[in-house]
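To keep things clear, I will list the structure first and then write my remarks on it.
Laboratory data are not the source of any read-out in this text; all were calculated from the coordinates shown. No experiment lies behind these values; they were computed from the predicted model shown. Cβ placement follows ideal geometry from the backbone for every residue including glycine, while neighbour counts extend to all protein chains displayed.
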């Protein structure tokens, strides 16, 4: 699988599962209608897809320059945490605006999502690599 196709497959599956989880969980936690949290989920997905493409491109370029090959647990943790840190900076204002919440409330909502997505990203990427094999940058 070419690197571009690999990224597209990865992001598509990842985001479809995430849309369902985020819409449902945020609706329950925030007490807002699924229509409102669905808007947050879709907008977040568009932002996350764009960020994932750019972030993974940069990460794999960095990874290819390393002498140590493969993806250790440490490398996977760094990958997941850095990705989520960038995403939170983009999503908190969006969540606050769409759900009519303060920035603190939006951050707390996003904190729950961050915790979920950090574990989800780690697990999803591990399973994805098992199913589709490691990218050339880590093989």
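What to note about this one:
- C-alpha center-to-center spacing [segment 91-133, segment 1-44] in angstrom: 9
- Computed extension length for residue 102-residue 34: 22.6 nm, one decimal, from 0.36 nm per residue of separation with the Cα-Cα distance subtracted.
- Neighbour-count order for 115, 108, fewest beta carbons within 10 angstrom listed first: 115, 108
- Inter-label distance for residue 42 and residue 24, nm, one decimal - labels placed 7 Å from Cα along Cα-to-Cβ: 2.0
- Degrees between helix 3-30 axis and first principal axis of the chain (Cα, 0 to 90, nearest 10): 30
- Per-pair calculated FRET efficiency, R0 = 35 Å: residue 115 and residue 65 via Cβ, rounded to 0.05: 0.70
- Rel. contact order, % - alpha carbon contacts under 8 angstrom, at least six apart, the chain: 29
- Footprinting exposure proxy ranking of 42, 92, 131, fewest other C-beta atoms within 10 angstrom first, gives 131, 42, 92.
- Helix 103-132 vs. the chain, principal-axis angle (Cα, 0 to 90°, nearest 10): 30
- The fewest-to-most ranking of 2, 24 by surrounding Cβ atoms within 10 Å reads 2, 24.
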